[in-house]
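Notes follow once the structure below has been shown.
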Amino acid sequence: MSTHYARPEVWAAGCDPVYEVLSEAALAPHASSLTGRRVLDLGAGTGATSRVVAALGGVPVAVDASWPMLHHDRRSRPPAIAGDACLVPVGDDAVAATVAAFVLSHVVDPVTLLSEAGRVTAPGGMVVVVSFAAAGARSAAHKIVDDLLRHRGWVPPEWFQRVKEELEPAVTDPQSLLSMALAAGLRSPDVTTLVVDTGISTPDDLVAWRLGSAGSASFVAAMPEADRRRLQAEAVEALGPVPEPLVLELRVLSSLAGAVRPSAST
């Protein structure tokens, strides 16, 4: 799992609100499986999905490989554990349900992550995994902001390019997700596709969302304040007064944890 999310304040200001809306859309249909139960939020980041779990009546416990992300806004966050989503530092059957929102594309071996989600979840408990339905640019703000950043010397980090070009495309196909779930020992897997209007539609909000990307957040945060403001102003002007709103398509894999664990040799 990538641990390169070192600027949580930038992420929280731009990206976190979007991911909370997406998590709400993905988890609301499964509310009955979360309410009143301890729920592991695997790859919790700055807490967008944990907040949704709590709003649905669940009791979230956060796990993420990035301690800075977990530490952000620490006083209002649920209990948290720094750890790898492919080797979760939690015992077998420790929680009643697990959600893993937008983390499957950050690991080399998605089946191992799914297997771990099933291991820590009590048999019959719900495992919900959310990913994007397609790789690549998600709005006009992507190209506009990225081009402006490149003019200022930004180069996408190697790890970020790998996520976008190799790991993310591997978890967009519904049939592949079903096969991964079965290989991980999860039961009754199902994949649904959701189209979500994030409510992000103003030029300022779209630019903030894109600048908060993990691949550029550290570069942006290191810029002098005056340069950062100029960058934001240029991007807002380039988007125009009425840009297309941010509408994103998701894949939601829902499964049940199985009583029989897949063997380590399979």
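The values are calculated or read from the model by the stated rules, or taken from the named source; none is laboratory data. These numbers were taken from a predicted model, which means no experiment stands behind them. Cβ: placed from backbone, ideal geometry, glycine included. Neighbour counts: every protein chain shown.
The criterion of at least 1 residues that are at pLDDT below 95 and closer than 22 Å to A13 by Cβ is met, among helices (runs of 4 or more DSSP H) falling completely within segment 167-249, by 203-211, 217-222, 225-239. Do we find that S131 is over 19 Å from V59 (Cα atoms), part of a strand (DSSP E or B), within 19 Å of the chain's Cα centre (by Cα) and not acidic (D, E) in this structure? Taking the combined requirement at face value, the residue satisfies it. All of V18, V61, V52 fail the test of being out of contact with any helix residue (DSSP H, G or I) (no Cβ under 8 Å at 6 or more places or on another chain), farther than 18 Å from S218 by Cβ, buried (at least 20 other Cβ atoms within 10 Å of the Cβ) and aliphatic (A, V, I, L, M), apart from V61. Within segment 64-85, residues that are touching a residue at least 60 places away in the same chain (Cβ under 8 Å) and closer than 15 Å to A12 by Cα sit with their Cβ atoms under 7 Å from residues that are part of a helix (DSSP H, G or I) and of a type outside the set (A, V, I, L, M, F, W, C), at 6+ positions apart or across chains, in these pairs: P68/P8; M69/P8; H72/P8; H72/E9. In segment 134-158, of all residues being charged (D, E, K, R) and outside any helix (DSSP H, G or I), the one that is modelled with the lowest pLDDT corresponds to R138. The residue list S66, S33 contains one member that is within 23 Å of V163 (Cβ to Cβ) and crowded, with 20+ Cβ neighbours inside 10 Å, which is S66.
In the list D227, D205, D190, which residue meets the criterion of being acidic (D, E) and closer than 30 Å to L256 by Cβ? Give the steps one after another, and end with the answer.
Details: D227 fails: closer than 30 Å to L256 by Cβ; D205 fails: closer than 30 Å to L256 by Cβ.
Just a single option satisfies the conditions, and that option is D190.
For segment 68-88, check the following and say yes or no: at least one residue is assigned to a helix (DSSP H, G or I) and farther than 18 Å from G43 by Cα. Yes: segment 68-88 contains one or more residues that are assigned to a helix (DSSP H, G or I) and farther than 18 Å from G43 by Cα.
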